[in-house]
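Please treat every number below as a calculation from the coordinates, not as lab data. Keep in mind that what you see is a predicted model, and the values were worked out from it rather than measured. Reconstructed Cβ throughout: ideal geometry from the backbone, glycine too, with neighbour counts over all protein chains shown.
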């Protein structure tokens, strides 16, 4: 976890604070403000009668969001404690006695900790000279009444929610949006007007909110607390209108947001509209206001395809083209409003195809990279698309027990969807199965639509329609070039094809070990089993030949290796060799687990095995020797194996997403 950051807000003085705290000073009201909030199109009556607790809520939410934006997390490859941050806020408020109450503080910290995976402490003091809240409001309008208040991002889900409320159900609604990007603001405003035109003109009110900070405060792209700011703004508007409810319209698959790769946890998998977040917002607002306040997610049991189908079946499919889902707003152009590469674009396009939107309702040309036929460069963008497909493939047929074993994060939602746990678990699994079916229905239709182009070989090798074909169906090209990663032994040489480059490698023990690992991605092989395989055994054999599972000499060797790992880890840290650090930590964990499994009370060996340390040294030396040869003849493959192939007492090749190799 990163060092504690002291955040002084609104002219607060630090008082007694941790001596090692990094300071961030934020101010909305001083002579030189660096945080800004502006709410437009509220009624004059509402602007004159804002309770102090709601004004404080706005201040707290904006300051938390600004600190989140202004504090860097770890690097792109950091996870866990390196990814998380610690914040210590000192915020002057109008009602410190309310905000300092244990129930309020606990509710605030709980919801923020969950959505951002960071640690928070708050100290509230009296704001001695509070500025008038009217400074936050711009362009006041005549008084109006609404039935519902909902969040409106300008994406497909919030568009469907607005159509459901205003057009299908005929309610008067307020659409609260957060203006975060200059390119998105006119698009969101235009879409809100489109909805209003399809309902009665007076039934839809758009309330844009602008909240930002000075550029010199810092920059962090994740911004996990944005949904807290978003919810606080809507709750304030709702309470000022005498209402006790707000609605987030987000499909359940996106809300639960299972990681595309199962090992991606914490802040990498966002929780902005997760059922636990939704419930946490409701608990906080109810505690602050002293009365029940409900935060709802009406689309929690809908897939993205269900949401898009609602738009089409309501007769307003053409509005889908006006909704923007892309996360890369900085790349947007008038022609290409969507990059076609980010996870949001991939999810959106699969949904629009599965729901049957035509080319006028979701024009293919507005995606910079076509979902199915566009060429995808090696790296993150291709990985994202392949991982999305692999996850969908698993989900469409997954068994309930396997689902929660593969995605333990999903269990968090069970307690927060308002039903018995067994029923909740079944519905969560069914939701994700339907998502997988939706994706593959769109893929099947894509293969049908592009069948001739596919058969004629005119599709790019890196497009999804080609990448989605199982490896066993792929054939070499006419010139003998493989179309998938290949590591084949022919005679005394290994024929290698990877990332559009080929080479040959003289056979050796290390290469045979590598081939064995490539043939079973994700499987952990004990070194003795790799040696047994290479010696001609039919399959993995016990790492020994009778007697005790591990003799005392082997146990001493294991313990000596653990000590050596600790020393090597220090050297790797000094050399800033991140990959080596990861390898060593994994080896230490595996070795410690193995020691536990082969020793009993008092550390005495359990019964059969050979000296596994000798096997580790033999296998590791052979693999590293082969990697040096690969580095000279195929640098791209060497980089790939350096990152994804781990050696030690247990060896494993675990790329993310999984790579299928032809090895036999």
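So here's what we get for this one:
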{"quantity": "Calculated FRET value between residue 567 and residue 405, using beta carbons and R₀ = 35 Å, to 0.05", "calculated": "0.45"}
{"quantity": "Relative packing of 308-317, 413-422, 322-331, 509-518, which averages over residues the other C-beta atoms within 10 Å, highest first", "calculated": "509-518, 308-317, 322-331, 413-422"}
{"quantity": "At R0 = 35 Å, FRET efficiency that the Cβ-Cβ distance of residue 377 and residue 490 yields, to 0.05", "calculated": "0.70"}
{"quantity": "Highest average packing first - 397-403, 26-32, 121-127, Cβ atoms within 10 Å", "calculated": "121-127, 26-32, 397-403"}
{"quantity": "Extension gain (nm, one decimal) between residue 128 and residue 210, 0.36 nm per residue minus Cα-Cα", "calculated": "26.9 nm"}
{"quantity": "Projected label distance in nm at residue 365 and residue 113, using a 7 Å step from Cα toward the beta-carbon", "calculated": "5.3"}
{"quantity": "Two-site label geometry, residue 358 and residue 658: point separation in nm, points 7 Å out along Cα→Cβ", "calculated": "4.0"}
{"quantity": "Relative contact order of the stretch 92-143, defined on C-alpha pairs under 8 angstrom at six or more residues apart (%)", "calculated": "45"}
{"quantity": "Residue-span extension gain [residue 144 to residue 72] - 0.36 nm each, minus C-alpha spacing", "calculated": "21.7 nm"}
{"quantity": "Hypothetical label at residue 336: residues of the stretch 381-406 whose amide nitrogen lies under 15 Å (7 Å Cα-Cβ projection)", "calculated": "381-382"}
{"quantity": "Sites residue 523 and residue 422, calculated FRET efficiency, Cβ-Cβ separation with R0 45 Å, nearest 0.05", "calculated": "0.85"}
{"quantity": "Mean Cβ count within 10 Å, highest first, over the residues of peptides 246-257, 292-303", "calculated": "246-257, 292-303"}
{"quantity": "Potential lengthening between residue 633 and residue 31 on full extension [0.36 nm per residue; Cα-Cα distance subtracted]", "calculated": "210.4 nm"}
{"quantity": "Prolate/oblate/rounded label for the stretch 82-191 (Cα gyration tensor, a/c 1.5)", "calculated": "prolate"}
{"quantity": "All Cα pairs of the stretch 325-466, percent lying beyond 20 Å", "calculated": "54"}
{"quantity": "Label-point separation, residue 289 to residue 560 (7 Å along Cα→Cβ), nm", "calculated": "6.9"}
